[in-house]
Amino acid sequence: MNRRNAINLLGTTGALSLVNPKPILDSFSESQSALAQFSKFDPEDNSEDFWHQVRQSYSVSANIINLNNGGVAPAPKIVQDAVDHYNKLNNEAPSYYMWRILDQGREPLREKMADLAGCSAEELAFNRNSSEGLETIIFGLRLKAGDEVVLTKQDYPNMINAWKQREKRDGIKLVWLNFELPIENKEEITTKFTSAFTSKTKIVHITHMVNWVGQLFPATEIAEEAHKLGIEVIVDAAHSFAHVPYKIPDLQCDYFATSLHKWLSAPIGSGLLYVKKDKIKNLYPHFAAADPESDDIRKFENLGTRSFAIEQAIGHAIDFYHSIGPKRKFERLCMLKETWVNEVRDHPKVKIISPQNRNYGGAIGNIHIKDKKPEELDTFLFNQYKIHTVGINWENIQGVRITPNVYTSLYDIQKLIKGLKQFLTLK
């Protein structure tokens, strides 16, 4: 591999042109070789040989089967190496490399992310996670006493608590929806949302993919109805971005946030905020900015000192994501879930509380075992098979969430199936 191809493979940003590339190439040599193997496969190849190569691009444990990727996903080695390199560079002369070198890489990264997200770079800001992005929106909206916000009891707790704080602080009214999931009917879900809209409704908060069970809500359809009434739309996309193939404008939302360390496999502690261009001016930033009413998306990036290593390594995660491809990734994730679900769903003690239709879900599955607590199955799988999952006890949801990722092998899934079937024989 010549030096030019190696740098292209790494997806280097403008910052890298300002430093000697040789140490970068040296530090990334192992992960370069693994990622370069992808080029040997046809873009449509979905064989186990291809996915074995993907697995080799990660440094995941060979002794613990991690099926809780719905929490935080590991980064591939090339992303880890990028973080290590930029971090070492920072520590050579922090203020110089941070502010004069790596800081210049943010704009090329913004353009690169805009291409992936399908929107203008002037609508995207980088932060640390979806909670931070969504709280920027929730606390920055100009709401007053009596204004109504429609949301659900199945939303993420951080967002629920943020809205409750605004309710207590500003006197807004929260209109709660409560769902019995899964639901595989777009009209039923949309109607439940729209039936809660009134002349006082100012905001509808939509969790695009419910983290507890993987239920995909029809954000586009809900947004279309909301906009007819002048209602603004927030989308929590923590679990759908880089998981389900779509572009942000497809959702027709006004505000959007996601955690890049989930399905994009970017470094832990990286997130993305989207604000539609004409909404930026009236949204106050969460952290103080020189001009809080500016229409510049960068006003949301006043986080103070933060990890430039993490931020710049996002570009390498984007390259890795493209090397797999959105369609191929989604199909693989769905297949892994369907493989274990199909083996146990007909058992009389089993209730799958996740959608099984790909139009309503993806990799995230949740299983409820009659007369058993979620923590019993969670503990059993880890103690007996070293399979890491998570028990869920939340509004109308009691089960174990099982979430594979692109590095998960069919062997891992077969071991899971064996463990589930053994648990079902226990008294």
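At-a-glance table
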| quantity | calculated |
| --- | --- |
| Selection within the range 302-346 - in a loop (DSSP other than H, G, I, E, B) and not β-branched (Val, Ile, Thr) | ASN302, LEU303, GLY304, ARG306, SER307, GLY325, ARG345, ASP346 |
| Of all residues in the range 256-284 being more than 22 Å from the chain's Cα centre (by Cα) and touching a residue at least 40 places away in the same chain (Cβ under 8 Å), the one that is nearest to GLU111 (Cα to Cα) | LYS277 |
| Residue satisfying all of: in the range 202-249; among the aromatic types (Phe, Trp, Tyr) and closer than 19 Å to GLY271 by Cα; surrounded by the fewest Cβ atoms within 10 Å (Cβ to Cβ) among these | TYR246 |
| Counted residues, the range 342-370 - those being crowded, with 19+ Cβ neighbours inside 10 Å and within 18 Å of SER409 (Cα to Cα) | 4 |
| Yes/no for LEU260 being surrounded by fewer than 19 Cβ atoms within 10 Å (Cβ to Cβ) and at pLDDT 95 or above | no |
| Checklist (1) modelled with pLDDT of 95 or more; (2) buried (at least 21 other Cβ atoms within 10 Å of the Cβ) applied to GLY105, failing item | (1) |
| Test for TYR96: is it crowded, with 20+ Cβ neighbours inside 10 Å, outside the structural domain of LYS247 (by TED's automatic domain parsing) and either touching a residue at least 24 places away in the same chain (Cβ under 8 Å) or not in a strand (DSSP E or B) (or both) | no |
| Residue among ALA75, ALA62 that is over 18 Å from ARG298 (Cα atoms), assigned to a loop (DSSP other than H, G, I, E, B) and either modelled with pLDDT of 95 or more or assigned by TED's automatic domain parsing to the domain that holds ALA162 (or both) | ALA75 |
| Candidates SER199, SER195, SER130, SER120 - the one that is surrounded by 23 or more Cβ atoms within 10 Å (Cβ to Cβ), of a type in the set (Gly, Ala, Ser) and either closer than 30 Å to ASN69 by Cβ or at pLDDT 95 or above (or both) | SER130 |
| Unique residue being in contact with a strand residue (DSSP E or B) (Cβ under 7 Å, 6 or more places away or on another chain), among the charged types (D, E, K, R) and more than 16 Å from GLY315 (Cα to Cα) when the list is GLU123, GLU92 | GLU123 |
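Residue by residue, here is whether (1) within 30 Å of PRO43 (Cβ to Cβ); (2) assigned by TED's automatic domain parsing to the domain that holds GLU111; (3) under 21 Å from the mean Cα position of the chain (by Cα) holds:
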| site | (1), (2), (3) |
| --- | --- |
| ALA313 | yes, yes, yes |
| CYS334 | yes, no, yes |
| VAL350 | no, no, no |
| GLY361 | yes, no, yes |
| LYS373 | no, no, no |
| GLU376 | no, no, no |
| PHE380 | no, no, no |
| ASN383 | no, no, no |
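The values are calculated or read from the model by the stated rules, or taken from the named source; none is laboratory data. A quick note: this is a predicted structure, and the numbers were derived from the prediction, not measured. Heads up, the Cβs are rebuilt from the backbone with ideal geometry, glycines too, and the neighbour counts pull from every protein chain shown.
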